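Presented below is the structure to which this report refers.
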Amino acid sequence: MDKDPILLRLFYAIGFFVVYRLLDVVVIIITVVQFLHQLFIGEPHADLTVFGRNLAAYIAQIANYLFWSSDDKPFPFSDWPSVSSKASD
């Protein structure tokens, strides 16, 4: 993949940083919902667990882009990450 010009990358980085900060709220909401689901149902919500795993991979993609560890722009410029293996307990 071709590298973006430095100023264009700066604009992408600012946009992804804003998305990264908004995802803080999403992580808090998922955490609270999962806690309540565990408290009242006795197990975590399976769909939220899968979504949370994929969201964590997306956040890692954003961080890698912001840290210049990767030139690949995260979603929506690439596919949404899909983590198929179960996280170890």
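The values are calculated or read from the model by the stated rules, or taken from the named source; none is laboratory data. What you are looking at is a predicted structure, and each value in this text was computed from that prediction instead of being measured. Ideal geometry is used to build each Cβ from the backbone, glycine not excepted, and the neighbour counts take in all protein chains shown. SASA here: full protein model, heavy atoms, side chains in, ligands and nucleic acids out. Shrake-Rupley method; radii C 1.70, N 1.55, O 1.52, S 1.80 Å.
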query: What is the pair-distance distribution P(r) of the stretch 34-84, computed from all Cα-Cα distances in 10 Å bins starting at 0, with each bin given as a whole percent?
result: 26, 38, 22, 14, 1
message: Suppose we flag trypsin sites (Lys or Arg not before Pro) only when DSSP calls them loop and at most 15 other Cβ atoms lie within 10 Å. Which is the longest uninterrupted stretch of the chain?
response: 4-85
- request: Using only the Cα atoms of the chain, construct the convex hull and provide its projected area averaged over every direction, in square nanometres to one decimal.
  value: 6.6 nm²
- prompt: Helix 6-41 sits at what angle to the longest principal axis of the chain, using alpha carbons and giving 0 to 90 degrees rounded to 10?
  reply: 0 degrees
- line: Note, Ile59: beta-carbon cut-off 13 Å, +1 each Lys/Arg, -1 each Asp/Glu, net +1
statement: Among Ala60, Ala46, Ala13, the residue with the largest mean-square fluctuation in a Gaussian network model of the chain built from Cα contacts under 10 Å is Ala46
Crossing angle, helix 46-66 versus the chain [Cα axis fit, 0-90 degrees, rounded to tens]: 20 degrees
- prompt: Rounded to the nearest whole Å², what accessible area per residue is found for the chain with the 1.4 Å probe?
  reply: 73 Å²
